[in-house]
Amino acid sequence: MNKKIKILIIDDEDIILKSCLRILGQENYQIDTAYSGDEGLKRAGEKEYDIVITDIKMPGLSGMEVLSTLRKTKPEVTVIIFTGFATVENTREALKMGAFDYIPKPFTKEELKSVVENAVKSREEHSDAAMLDLMAIVSHEMKSPVSAVHTTAETLYRGYLGNLDNEQQKTVEKILRNCQYLEDIIRNYIDLSKMDLDNLEAFTQRIDLAGDVIQPALDIPEYRENLKKMPIVAAEIPAKPFIIGDPNLLKIVVNNLLNNAIKYGAPETPITVACEENAGNYIVSIHNQGVGISKADIEERLFKKFSRLRQKGTEGVKGSGLGLYICKKIIEKHQGRMWVESEVGKHATFYFSIPRC
């Protein structure tokens, strides 16, 4: 947990407050207490809390009134209720009003910790989901104008509007590199938002790994006609390698790996794509000749979120640090695994395995 979760506990029983402090005080929480609903609302108005735990039955302002007020004035706060009257009606009413969960009295140490931990996790996941949604929306909006700039720059670079001198060519190359960087970020954020919305239970489609996933990626013009003039060679791909999975997510993996093979490859050297069957799995490999990846980067940075490699020869190459993280997560969702074999300054081969249908 990166920051301390701020919790306010409201209860008129001193023993309950002391028990909560003893149990939750061992965790990374910042805890305040109040002996009444009025005092609790006053504290909540003076300080920002992540979670409020309140008793339902108290002298003066009841827990239900505290819940109702917080829903109106502090809708971002997660509210949990204590109740010694854990009837179906009380629970249903509190949940309808927006309570996250309830803890019946008397409670055990495990019950209290479990509900609070679930509330913290829910807040974190909701925050991540909201951020991913925002990133996806912004990325979609940026996609078309960046692609237009890239296409225009490529038209200039290829000399369709007249020959460029050396300085002009260097400037256009810089524009193309930055367009590629922006397109990578856009694609990765969109991919990440899709990936987090999918779940393994939905993967019930029987697909042809070669025809539905690998070949469509190989047919993409920007890969087939890349500016580095690196030919893409398909080798050893069995006929109809059937698997169970999501073809769109798996295309994300192959596209990312092909894009990286071009980005970090040596000009005019081949990229080899292969697929073979082994021990009940299909293993797809994408090999390039280029800067390679050091053992330290493979062990410490590769496949980690927002992690960028420190490899010699990649100084001018920009990236989001999300592509390989996304690939690994997608393959793991398909009950497979991903790994790499490489020699610095010579080559790199990325592999992923998927169970055969």
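The values are calculated or read from the model by the stated rules, or taken from the named source; none is laboratory data. Bear in mind that the values here come from a model prediction, so they are computed numbers and not experimental data. With ideal geometry, Cβ positions are generated from the backbone for all residues, glycine too; neighbour counts draw on all protein chains shown.
Here is a yes/no grid of residues against (1) touching an Asp or Glu at 6+ places or on another chain (Cβ under 9 Å); (2) in a helix (DSSP H, G or I); (3) closer than 15 Å to ARG224 by Cβ; (4) not acidic (Asp, Glu):
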| site | (1), (2), (3), (4) |
| --- | --- |
| LYS240 | yes, no, no, yes |
| LEU258 | no, yes, yes, yes |
| ALA261 | no, yes, yes, yes |
| PRO267 | no, no, no, yes |
| CYS275 | yes, no, no, yes |
| TYR282 | yes, no, no, yes |
| SER285 | yes, no, no, yes |
| GLY292 | yes, no, no, yes |
| PHE303 | no, no, no, yes |
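Would you mind finding the one in ASN178, ASN188 that is in a helix (DSSP H, G or I), under 19 Å from LEU324 (Cα atoms) and either modelled with pLDDT under 80 or not basic (Lys, Arg) (or both)?
Of ASN178, ASN188, the one residue that is in a helix (DSSP H, G or I), under 19 Å from LEU324 (Cα atoms) and either modelled with pLDDT under 80 or not basic (Lys, Arg) (or both) is ASN188.
Using the structure shown, decide if LEU112 is surrounded by 16 or more Cβ atoms within 10 Å (Cβ to Cβ), at pLDDT 85 or above and on the phi < 0 side of the Ramachandran plot.
yes
So which residues in the stretch 44-63 are free of Cβ contacts under 8 Å to residues at least 40 places away in the same chain and under 13 Å from ASP101 (Cα atoms)?
Hit for the stretch 44-63 is ILE56, nothing else.
Working carefully through the options ILE23, ILE81, find the one that is closer than 15 Å to VAL115 by Cα and either in a helix (DSSP H, G or I) or in contact (Cβ under 8 Å) with a residue 60 or more places away in the chain (or both).
ILE23
Could you figure out which of (1) at pLDDT below 80; (2) surrounded by 13 or more Cβ atoms within 10 Å (Cβ to Cβ) isn't true of TYR102?
That leaves (1) as the condition not met.
For the stretch 209-229, how many residues meet the condition of being farther than 15 Å from GLY265 by Cβ, out of contact with any Pro (no Cβ under 7 Å at 6 or more places or on another chain) and in a helix (DSSP H, G or I)?
Counting residues in the stretch 209-229 that are farther than 15 Å from GLY265 by Cβ, out of contact with any Pro (no Cβ under 7 Å at 6 or more places or on another chain) and in a helix (DSSP H, G or I) gives 7.
Would you confirm whether any residue within the stretch 240-254 is of a type outside the set (S, T, N, Q), more than 19 Å from ILE207 (Cβ to Cβ), over 28 Å from the mean Cα position of the chain (by Cα) and not assigned by TED's automatic domain parsing to the domain that holds GLU173?
no
What number of residues within the stretch 115-131 satisfy the criterion of being modelled with pLDDT under 60 and among the hydrophobic types (A, V, I, L, M, F, W, C)?
Number of matching residues: 2.
Taking ALA266, is it among the aliphatic types (A, V, I, L, M), closer than 20 Å to GLU343 by Cα, modelled with pLDDT of 90 or more and surrounded by fewer than 20 Cβ atoms within 10 Å (Cβ to Cβ)?
yes
Could you look through the stretch 246-256, keep only residues that are part of a helix (DSSP H, G or I) and of a type outside the set (A, V, I, L, M, F, W, C), and pick out the one that is nearest to PRO221 (Cα to Cα)?
Among residues in the stretch 246-256 that are part of a helix (DSSP H, G or I) and of a type outside the set (A, V, I, L, M, F, W, C), the one nearest to PRO221 (Cα to Cα) is ASN255.
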